[in-house]
Amino acid sequence: MSELDGVFRREWGPAVAALARWSGDLTVAEDAVQEACAQALRVWPAEGTPGNPGAWLTTVARNRALDRLRRESARPGKELAAVYEQVNASGDAELHPVHDDELRMMFTCAHPALDRGSQLALTLRLISGLTVTEIARALLQSDSAIGQRITRAKNKIRNANIPLRVPPPELLEERIPHVLGCIYSVFTEGYWSTGGPSAIRDELCDEGVRLAGKLCSLMPGNRDAHALAALVLLHDSRRRTRVDEAGALIPLDEQDRSHWNRGRIARGLDHLRLADGATGSYLPQAVIAALHATASSWQHTDWATICLAYDRLAAMTDSPVVRANRALAVGFRDGFDAGLAALDEVTDDPRLARTNTVATIRADLLRRAARPDEALRWYRIAVEGANTSEPARAFLRRRIAELTPETANGQL
């Protein structure tokens with residue numbers, strides 16, 4: 001089932017984008033692809049996964065969409081027949097959607113008639129196949145709030161007859177911030193999975209890296225696009241060392257740097273040079289990633305410059321997660337007590353109430369400060385409040401075991 005889930009997640013975006021492009025209806029497209037996935041679950045275990053699962057899903061979804069249009073359309077027969085003729089005339093290009101379909105749909109969902117939050121939630125749901133719960137965790141909102149945003153956005157597109165097409169070239173630039181945010185959210189959910197049995201979701205990491213590269217090719221002069229490409233490439237260079245063979249998380253200070261992907265680091269640094277002068281938040285994040293990627297060892301990490309980058313990032317954004325991670329960097333630069341004091345400044349932010357971010361960072365700082373009893377308390381709070389992947393919870397339990405000798409005998 002996990003193998004099929006990976007196939008569905010990988011093929012979801014291209015299929016929905018293709019179906020939406022010719023049907024002109026997001027709901028029809030999403031429902032049709034969901035029905036195709038359900039049929040695949042019934043058929044593939046017995047008959048085997050087809051050689052081109054994306055084409056199979058798109059073909060079945062198209063047939064389901066056509067059936068729905070036939071049932072629900074109140075248009076005269078000649079008009080409906082014209083729709084069928086137009087759809088069928090699209091040929092194999094529609095059955096084998098190019099990957100750029102997702103990028104085009106991201107620009108489409110960035111329509112100014114939708115507020116920014118709805119744009120992001122809708123795009124992540126339709127193009128990346130993230131569940132409402134996954135999107136809610138990524139955006140630090142409730143499931144119900146995200147579900148309502150997505151529903152309202154689809155209704156507004158339908159009721160206002162917003163065309164599902166890429167805007168003209170002169171309007172692309174104003175929609176870049178939305179597309180950047182979507183690509184980064186896709187990559188982030190892959191690199192730091194917020195739920196499920198795996199710490200990393202390779203298909204989302206690959207998609208984030210690919211889309212960032214496509215966007216740079218489309219808008220080669222956009223410095224923020226290059227900053228994002230640098231950020232995801234530099235992070236992704238460490239992907240294979242973040243978990244062991246059993247899928248357990250390996251923290252940065254324990255990773256084997258000789259196995260980092262030097263090709264991706266070089267490409268990331270190239271994009272970072274092209275991003276010089278970018279004004280968005282991706283540049284300081286890319287600088288932080290570059291400092292980690294180029295440090296010869298954990299002990300030689302340039303924490304002073306990392307803290308400066310975090311200071312710039314915190315001034316740009318209103319993100320409590322940024323401030324919490326900055327506190328950890330301050331701890332390595334100025335001492336762990338200083339890091340704990342910086343963390344106190346963000347502890348009560350209500351946007352972190354649904355996460356265990358503060359508890360986890362506080363526990364790590366206390367552990368490094370040789371205050372094991374306090375660290376143990378906060379690790380327990382972190383694992384109890386964890387709303388994340390199973391490997392992330394297992395990592396917290398491992399830290400508890402390290403601080404509590406009796407856990408080695410199974411008493412935890």
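When the criteria are applied in full, residue 308 meets the requirement of being open to solvent by 60 Å² or more (accessible area, probe 1.4 Å), closer than 30 Å to residue 262 by Cα and of a type in the set (A, V, I, L, M). Among the candidates 47, 85, the residue that is modelled with pLDDT of 80 or more and open to solvent by 60 Å² or more (accessible area, probe 1.4 Å) is uniquely 47. Considering only residues in the range 311-332 that are charged (D, E, K, R) and buried (at least 18 other Cβ atoms within 10 Å of the Cβ), the one that is nearest to residue 141 (Cα to Cα) turns out to be 323. With respect to (1) more than 20 Å from residue 163 (Cβ to Cβ); (2) assigned to a helix (DSSP H, G or I), the lone exception for residue 21 is condition (1). Cβ-Cβ contacts under 7 Å between residues 6 or more apart (or on different chains), taken from a first residue in the range 277-300 that is farther than 13 Å from residue 226 by Cβ to a second residue that is open to solvent by 30 Å² or more (accessible area, probe 1.4 Å) and assigned to a loop (DSSP other than H, G, I, E, B), are listed as 281/317; 291/302; 295/302.
Yes or no, residue by residue, for (1) in contact (Cβ under 8 Å) with a residue 24 or more places away in the chain; (2) under 24 Å from the mean Cα position of the chain (by Cα); (3) farther than 25 Å from residue 152 by Cα:
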site: 5; (1), (2), (3): no, yes, yes
site: 12; (1), (2), (3): yes, yes, no
site: 19; (1), (2), (3): yes, yes, no
site: 34; (1), (2), (3): no, yes, no
site: 40; (1), (2), (3): yes, no, yes
site: 47; (1), (2), (3): no, no, yes
site: 56; (1), (2), (3): no, no, yes
site: 60; (1), (2), (3): yes, no, yes
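Of all the listed residues (305, 294), the sole one being at pLDDT 95 or above and more than 22 Å from residue 243 (Cα to Cα) is 305. Of all the residues in the range 308-347, those that are at pLDDT below 95, among the polar types (S, T, N, Q) and closer than 22 Å to residue 280 by Cβ number 2.
Against the numbered list (1) in contact with a Gly (Cβ under 9 Å, 6 or more places away or on another chain); (2) free of Cβ contacts under 8 Å to residues at least 12 places away in the same chain, residue 331 comes up short only at (2). If you filter the range 113-132 down to residues that are outside any loop (DSSP other than H, G, I, E, B) and of a type in the set (Ser, Thr, Tyr), you find that the one that is surrounded by the most Cβ atoms within 10 Å (Cβ to Cβ) is 123. Exactly one residue out of 317, 357, 404 is of a type outside the set (A, V, I, L, M, F, W, C), within 23 Å of residue 288 (Cα to Cα) and in contact with a helix residue (DSSP H, G or I) (Cβ under 7 Å, 6 or more places away or on another chain): that is 357. The set of residues from the range 163-185 being open to solvent by less than 20 Å² (accessible area, probe 1.4 Å) and outside any helix (DSSP H, G or I) comprises just one member, 167.
Look at the range 245-273: where a residue is open to solvent by 40 Å² or more (accessible area, probe 1.4 Å) and a partner is hydroxyl-bearing (Ser, Thr, Tyr), sitting 6+ places away or on another chain with Cβ atoms under 6 Å, you get 256/241; 259/241; 261/237; 264/237. In the range 133-162, which residues are hydrophobic (A, V, I, L, M, F, W, C), buried (at least 19 other Cβ atoms within 10 Å of the Cβ) and more than 24 Å from residue 222 (Cβ to Cβ)? The answer is 135, 136, 146, 150, 153, 157.
Residue 207 passes every criterion in (1) more than 13 Å from the chain's Cα centre (by Cα); (2) open to solvent by 30 Å² or more (accessible area, probe 1.4 Å); (3) of a type outside the set (A, V, I, L, M) apart from (1).
The values are calculated or read from the model by the stated rules, or taken from the named source; none is laboratory data. Fair warning: this is a prediction, and the values are worked out from it, not measured in the lab. Backbone-built Cβ (ideal geometry, glycine too); neighbour counts: all protein chains shown. Keep in mind that these areas ignore ligands, DNA and RNA; they rest on the heavy atoms of the full protein, side chains included. Shrake-Rupley method; radii C 1.70, N 1.55, O 1.52, S 1.80 Å.
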